[in-house]
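Heads up: the structure comes next, in structure tokens.
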Amino acid sequence: MASTLHSFASAADLAGSLADKVADTLSAAIAARGTASIAVSGGSTPKAFFQALSTRDIAWEKVTITLVDERFVPADNPRSNHLLVDANLLQNKAKAARFVPLYQPAPSVGEAARLATAKSAEIGIPFDVVILGMGGDGHTASFFPGGSNLAEAIDASTPRGIITMEAEGAGEPRLTFTFSSLEDAALLVLHIEGEGKKDVLAKAEGSGDEADMPIRAILRRATSPVEIYWAP
Ligand SMILES: O=C1O[C@H](COP(=O)(O)O)[C@@H](O)[C@H](O)[C@H]1O
């Protein structure tokens, strides 16, 4: 499916514009079905977008928010994506939203993945909005190059749900939604910032194995168009 690049003069402009687009999409879903869902990324990039989105006028009590991926750490760990969402998105008007965490206090990451899959099944499919990020190594969600379950995670026939991932560049063991859970969102966004990430994107858009730069799975095979939001 095709992708479209939306370039902005500044990260602040991008955050505002993306927040407006997401708010419109969630509100349209609520008008059509009574509920809406969004899966967001962690990392350093989405903070300003989260803060902008949290102020938008949406019937937030009808919105379910989850993460596309998470570290196998509790929510009070500074590296937790849940903590980032708590501090920046589940604020202001968005405090009324329901949050479904991927981390579960289970004895193993595999058991946590099973529990998170069961809990996320209640959200409804497909997601109305998915916001992906991308690492400098071409990973997205927790689809890491060299990841222990990468082939299964990006195989379109792997069912929707959460799978575990361990990789050298990942730090802690990870929990990640599978490719099939993310690729058909009504609004599928890749949010990246900086010249370095633009270069990584250009490389990913070239030829090469998906296993080397797993973002390629999304760019090449997502059934929804990929809206790329970029600012310097
Ligand atoms: O590990 C992760 O990194 C990516 C990219 O993060 P960034 O700090 O380079 O913006 C992120 O999309 C993913 O959710 C996160 O777990």
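What follows draws every value from the coordinates through simple rules; no lab data is involved. All values derive from a computational prediction rather than experimental measurement. Every residue, glycine as well, gets a Cβ built from its backbone with ideal geometry; the counts of neighbours run over all protein chains shown.
The protection proxy used here, the mean number of other Cβ atoms lying within 10 Å of each residue, ranks peptides 30-40, 90-100 as follows, highest first: 30-40, 90-100. Structure note, pairs LYS21/LYS197; LYS62/LYS95; LYS62/LYS93: Cα-Cα distances above 20 angstrom occur for LYS21/LYS197.
Taken over the Cα atoms of the chain, the convex hull encloses 109 Å³ per residue.
DSSP bridge analysis restricted to the chain gives an antiparallel fraction near 25%, rounded to the nearest 5. Taking 7 Å steps out from each Cα toward its Cβ at PHE99 and ALA2 produces label points 3.8 nm apart. Looking at the range 107-232 only, what percent of DSSP beta bridges run antiparallel? Nearest 5 please. Of the beta bridges lying entirely in the range 107-232, close to 35 percent run antiparallel. Between LEU187 and VAL129, VAL130, the built amide H atoms are under 5 Å apart, and every one of these is 5 or more places off in sequence or on another chain. Each helix, a run of at least 4 DSSP H residues, gives -39500 (n - 2.57); summed and divided by the residues of the chain, these come to -9500 deg cm²/dmol at 222 nm.
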